[in-house]
Each structure stands twice: as C-alpha cells, then as structure tokens.
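The values are calculated or read from the model by the stated rules, or taken from the named source; none is laboratory data. Everything numeric in this text was worked out from a predicted model, so none of it was measured. For neighbour counting, all protein chains shown are included, and Cβ atoms are generated from backbone atoms with ideal geometry for every residue, glycine included. Protein only, heavy atoms only, side chains kept; ligands, DNA and RNA dropped before computing areas. Shrake-Rupley method; radii C 1.70, N 1.55, O 1.52, S 1.80 Å.
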Amino acid sequence: MTDGQNALTGLRVAVLGPGGVGGLLAALLARAGAAVTCLASATTAERLRADGIRVESGQFGDFTTSVEAAERLAEPVDVLLVTVKATQLDDALERAPADVLGDALVVPLLNGVEHVDHLRRRYPQAGVVPATIRVESTRTAPGLIQHGSPFVTVDLVAVPPLEQRVRRLADALERTGVTVRVGDGEAAALWSKLNFLAPLALLTTAAQATAGEVRASRREDLVAIIGEVAAVARAEGAPADEDQVVAFFDGVPAGMRSSMQRDATAGRPLELDAIGGAVVRAATRHGIAVPVTARYVDELRERHPGS
Ligand SMILES: NC(=O)c1ccc[n+]([C@@H]2O[C@H](COP(=O)([O-])OP(=O)(O)OC[C@H]3O[C@@H](n4cnc5c(N)ncnc54)[C@H](OP(=O)(O)O)[C@@H]3O)[C@@H](O)[C@H]2O)c1
C-alpha cells in the first residue's frame, strides 16, 4: 500500500443478506470507503439503490450511506460476507455463483458451525474463513438498521494461506470502528460462541422467558445443557469450561433474550437445526450422550415444524 492508501482502499465487498448484521457492516464499510455491493431480493436491492442504508446506532451515530445493490453477484469481489440466517442460506447462495466469486474470501457470520464445511464444498476455490460476530442489530425495514449493543466484535480465523488477506479485512473492519480479533483455531472460534448461545437459545425459546427467568426456573436443565455442549466442544477440539459458561450465564442481564426466541415469537423459522441440531449431530459423531439438549431440540422441532 502506498501513502494515502489503507486496507479499505479499493476493497470490494459483497454482502449477502443486508439485514441486522449484514446491513450494519455494509453501511460501516461503505461509509469508510470500501466498494460495497449488497446482494438481496429484487425489492430490497431496489430500495437500497434508491435510499442507501440508514443506521441508527449509539456507538456509530445515526447516518445514511449509499451502497450498490444487486440480485446476483456479477463481478469478482475481494470478500463475500454471508449474513443471511441459516434457514435462508441455500436460497441466498444462488445469488453468489462460484465461478464469479472465484478465490474471494468468504466470511460467514451466521450462528452455528456446520455452514463452514457447507461453504467450502460449494466454493472450492474460495477462502472460507470461519468467523463469528457479537452484536445486537435489527433490520426494522429493508435498508433500516437499528444497532442496539454498545459494541460490535468480529472474530476471524486466519490460517495459511489466507493470513494476509484476513488481516487486511480485519484492518478494514477496525477502521470502521468494529472490534476485530484474529485467531488461528477454527473449532475454538465457532464453538466458543455456541457454548453460550446454544443453552441460551434453547432454554429461552422453550420457556419463552428471559435469561434471568430460565436461570432460576430451569437451573438443572441449564447446567446440564451447558455441560453437554462443553463436552461436545472439547471433542471437536475447542477449549470449553462449563463452570465459566454457567458463571457467565449468571452474569448476563436478567432481561436478556435470544434471537431464536424473538424468531419464535414472530412466527419466523428458527435457526434450531444450525444451533441445537448441530450440537446433537456432533455429539452423535463423537459418541457423547446429550440427552437434555436433544430433548429440547426435539420439543422445539415439534412446536415449530420446519425448523
Ligand atoms: N442480528 C444480530 O444481532 C445477530 C447477532 C449475532 C449473530 N447473528 C446471526 O447472524 C445471522 C444473520 O442474522 P440477522 O439478525 O442479521 O438476520 P436478518 O436481520 O433477518 O437479516 C437477514 C437478511 O437476509 C436477507 N435474505 C433472506 N433471504 C435472502 C435471499 N434468498 N437472498 C438474499 N438475501 C436474503 C434478508 O433480506 P430482506 O431484508 O430482503 O428480508 C435480510 O436482509 C444469523 O445467523 C444470526 O443468528 C445475528
């Protein structure tokens, strides 16, 4: 890079699914100077082209920024951020053909673990980078994003031969104000989020109650699920300490809810299979018994057919 250039200069980013997560990152990157194209349905793409993305955020301020938008990726990009929900992934990927994407970095920010292998099979030439995001951000209408949390933290995994390109992306995101951590453990990155998220999502959704309520009323199940997920995480090669997760759960705000719970309340499909189903499948592969997790997954599947 020469003087006056930085990681954002000339960086071409496509964002597949400009919702709570994707819309926020698309707007931050575009505002900071990256060339951003959102891949979305015809109606959403038209709205974004006409009005840009409006972000309301305590951390980043309220702002509107213009972005490119298309129904389908037509030109190569440096980075594809995949920010649809797990239940929308297969349909959405049709918008990013492998031959156009080429060897781009593909960075999925979905919750869950199995999508990484899925994307590697689908885009054999691309560099699929396991990643997670910690944020609370909601798409209230196409192109309207409310960012509620006072932070956005992205964890990226940099493994050979992608380190340099991952570090450029990390640098670009940091320049927008996002906190970025770059690690080298794939399993650790993915399972460290699931260790907390799976128990939170399963319990709050099944009970239709807050974290504070379930940690009192369903404590035995909470401790059991945390222990089961931690055992699976360790078998997958990720460090996991159930006592720490229980302590963390006890420390989160009592009113905390999960996005799975919000999806259930709104009658939307749940990311149950990507979160709970993935734990049960990994447990089966490793011969680990996860009876309480499996009971919650089965019960929620029955209550929310198709999830
Ligand atoms: N939101 C958070 O605070 C948060 C935090 C951490 C992790 N996550 C995870 O991040 C992922 C995304 O969640 P989210 O809350 O950002 O979801 P979201 O707000 O519902 O956004 C999903 C976006 O995907 C778009 N979409 C759906 N089907 C599509 C398709 N076939 N082609 C193109 N775009 C399509 C939707 O488009 P329309 O706008 O046209 O409907 C929407 O903009 C999930 O795995 C979630 O668990 C979310």
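Note on the chain: Cα Rg divided by 2.2 N^0.38 Å, N the number of residues, gives 0.99. In this rough spin-label picture, where each label sits 7 Å from Cα along the Cβ direction, the L144-T9 distance is 3.9 nm. Counting only protein heavy atoms and a 1.4 Å probe, tell me what percentage of the range 110-163's accessible area is made up of carbon and sulfur. Carbon with sulfur: 51 percent of the solvent-accessible area.
Hydrodynamic estimate: the Kirkwood radius of the range 1-40 over Cα pairs, inserted into Stokes-Einstein at 10 °C and 1.306 mPa s, corresponds to D of 152 µm²/s.
Full extension from R134 to E68: what is 0.36 nm times the residue separation minus their Cα-Cα distance, to one decimal in nm?
Answer, rounded to one decimal: 21.2 nm.
Working from label points 7 Å from Cα in the Cα-to-Cβ sense, the D250 to R281 distance is 3.5 nm. The ratio of the alpha-carbon radius of gyration of the range 188-303 to the globular-protein estimate 2.2 N^0.38 Å is 0.97.
Computed over the chain with a Gaussian network model linking Cα atoms closer than 10 Å, the most mobile of T205, T44, T284 is T284. Ratio of Rg to Rh for the range 12-184: 0.93 [Cα atoms; Kirkwood radius as inverse mean 1/r over pairs].
Per residue, the range 188-303 exposes 42 Å² of accessible surface when a 1.4 Å probe is rolled over the protein heavy atoms with every protein chain present. Helix 242-251 and the long axis of the chain differ in direction by around 80°, with both axes built from C-alpha atoms. Over all Cα atoms in the range 1-111, the spread is summed up by Rg and Dmax: 13.6, 44 Å.
Relative to the longest principal axis of the Cα atoms of the chain, helix 291-303 runs at roughly 70 degrees.
Counting helices only, and only those DSSP H runs with n ≥ 4, report the 222 nm mean residue ellipticity of the chain as the sum of -39,500 (n - 2.57) divided by its residues, in deg cm²/dmol to the nearest 500. Show your work: numbers first, answer last.
Values: 13 runs with 140 residues, N = 307.
The helix-only estimate for the chain comes to -13500 deg cm²/dmol at 222 nm.
Can you list which of the trypsin sites (Lys or Arg not before Pro) found in the range 1-91 are DSSP loop residues with at most 15 other C-beta atoms within 10 Å?
Working: sites: R12, R31, R47, R49, R54, R72, K85; in loops: R72, K85.
Answer in residue order: R72.
How much length would be gained if the chain were fully extended between E46 and D298, taking 0.36 nm per residue of separation minus their Cα-Cα distance, in nm to one decimal? Walk me through the numbers before you get to the answer.
Working: separation 252, 0.36 × 252 = 90.72 nm, distance 3.99 nm.
Length difference between fully extended and current span is 86.7 nm.
Note on the range 80-111 and the range 240-307: Cα centroid distance 24 Å, given to the nearest whole angstrom. For the range 137-199, the orientation-averaged shadow of the C-alpha convex hull comes to 5.8 nm² (one quarter of the hull surface).
Taking every DSSP beta bridge with both residues inside the chain, roughly what % is antiparallel (nearest 5)?
On the way: 11 of 38 bridges.
Antiparallel bridges: around 30 percent, rounded to the nearest 5.
With θ taken as phi - 60° and the Karplus curve 6.51 cos²θ - 1.76 cosθ + 1.60 applied, the whole-hertz 3J(HN,Hα) list for the range 265-272 is 4, 7, x, 8, x, 9, 7, 5 Hz, x standing for glycine and proline.
In order along the range 47-52, the Karplus-derived 3J(HN,Hα) couplings, from 6.51 cos²θ - 1.76 cosθ + 1.60 at θ = phi - 60°, round to 4, 5, 5, 6, 10, x Hz, and Gly and Pro are given as x.
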